[in-house]
Amino acid sequence: MLSLSFVFALWGLGMENMGLVVLVCGVGVLVSLFIIPGFYYFSMSEWVGMDEMSMLMVILSVLVTMISIVSSCKDMKESEMNKVGGFSIMEMVGLVCVGSILFFQSCSWMDFYFFFEFSLVPTFFLILKWGYRPERLQAGTYMIIYTVSSSLPLLMGLAWFWFCVGSDFMLLAKMLSSFSCEDLSWPWLVMSLGFIVKLPVYGVHGWLPKAHVEAPLSGSMLLAGILLKFGGYGIIRFMWFADINMSKVVQFVLVVSLWGGLLSGMICLCQSDLKSLIAYSSIGHMAMALGGFLTLYAVGKTACVCMLFAHGLCSPILFSLAASSYDISGSRNVLLTKGVLRGFPFFSALWFFFCVLNMGVPPSLNFFSEVFCVGSLVWMDSAYGVFGGLMCFLAGCYCLVLYGLVNHGSPSSLNNSFSNLSVRYLFSGVFSMVFLFSGSFFMDFFFV
């Protein structure tokens, strides 16, 4: 598979040829977008297949892995001398990427569930071994308890589905319409807990800010860019092959998601920790994506997929920028990292572009995905549209506050020299920025 060749290229060429790896993988991913228009096949084998949505998620996994390796090469060099069981950070990152690719290409729901949980293992070790503070054990334990306990009902439900159909092949269950006569409203809610926690929806989000704060840079980038997308992708696939229709239970989850997104935006306005602020902004964006999809309009589903991709590229770069600000100031407090504009204007420009991308500036993919998500909410009920509009407004507020506090003001005399700032942050940021802005000219590849 083309995507796996990128992963092995990243793994094999090593740290010395990082620029060549980025160039080859970036060109390969862009070529794959242009040479496969209208790409649709679901029969590579009984276990592995791909359609346009899974192809987009595979491309996202490769891009985020590539960016995380480039941005955290300092941590990776140090981890080569401090391996866990013979594994370094780079190998753990590669393992997360391979597991993610296999998850997005799974055709059978038992393989789907296996790879859904598999990627937690290397992520747990990333937090536990290479986290920055002693609280990393508590953060890793929170993540495992939340995600594994919530996905046990999903495992039991999928086993029951297998007993009913006689196979775990998703396409076969869809073609036979095996569950169309069943009322799966409440079973859907219980089984979807695994996806809702992984997304996560506000209320079951407690593990995410802790994991982000304690994880190394590569762990935070993978969490925001890939692992949060497991929940959105999983719930789309699950509702597709199980034939879940609109019901009061689905509307209840929709309302809880929108309300949680609104609360997350308010929390962002009073956060002082850079990583926590970016983590809560991710919760708000995922709530918007889930709300658009749960309207069950086609435009809501396509906007949800596009937002998953756009947020998956934007949020990791924000974590990368936050890590570079930490290298400069020695603190993640937004009041102590100020003055970036005076010391390094180009770095401040990256902060500006990704803050406005995060709030959805036209003509970026983030803008179009938010517009269509809010449009689908308005079509369903004007009250839902009010929630969506307030979430967009709050996103603009906290992104402007974030940029203003970090970049303006007088830098502290305790700050490290800006001349030591690595070019790796700039390279990965410019690459992602160009991708997000230029993607709006090829929207048929992203609205699937």
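Restricted to Cα positions, what overall size does the range 217-316 have along the principal axes? Three whole-Å values, descending.
42, 26, 18
Using only the Cα atoms of the range 89-158, build the gyration tensor, take square roots of its eigenvalues as a ≥ b ≥ c, and label the shape rounded, prolate or oblate: rounded if a/c is under 1.5, else prolate if a/b is larger than b/c, else oblate. Let's see the in-between values first.
Working: a/c = 4.96, a/b = 1.41, b/c = 3.51.
Oblate is the answer for the range 89-158, as a/c is 1.5 or above yet b/c matches or exceeds a/b.
Multiply the residue separation of residue 442 and residue 393 by 0.36 nm, subtract the distance between their alpha-carbon atoms, and state the gained length in nm to one decimal.
My answer for the length gained is 15.0 nm.
Treating only the Cβ atoms of Lys and Arg (+1) and Asp and Glu (-1) as charged, compute the dipole magnitude of the range 247-448 about its Cα centre; round to the nearest 20 debye.
Charge dipole of the range 247-448: 260 debye, to the nearest 20.
Mind jotting down the three principal axis lengths of the range 247-448 based on Cα atoms? Whole angstrom, largest first.
Here the Cα extents, ordered largest to smallest, are 58, 35, 20 Å.
Quick one: net charge of residue 311's neighbours, Cβ under 15 Å, K/R +1, D/E -1?
Charge balance near residue 311 sits at +1.
Using +1 at the Cβ of each Lys and Arg and -1 at the Cβ of each Asp and Glu in the range 247-448, identify which of 254, 358, 302 lies farthest towards the dipole's positive end.
So the residue furthest toward the plus end is 358.
Neighbouring Cβ atoms within 10 Å as the yardstick, rank 57, 266, 380 fewest first.
Sorted ascending by nearby Cβ count, the order is 266, 380, 57.
Label residue 185 and residue 408 with points 7 Å out from Cα along Cα→Cβ: what is the distance between them in nm?
5.1 nm
With contacts defined as alpha carbon pairs under 8 Å and 6 or more residues apart, what's the relative contact order of the range 247-448 in percent? Could the numbers behind the result be given before it?
Values: 298 pairs, mean separation 58.5, N = 202.
29 percent.
Any read-out appearing in this document is the output of simple, stated calculations on the displayed coordinates, not a laboratory observation. Treat the numbers as computed from the prediction; the structure is a model and nothing was measured. Methodologically, a virtual Cβ is constructed for each residue, glycine included, from the backbone with ideal geometry; neighbour enumeration extends over all protein chains shown.
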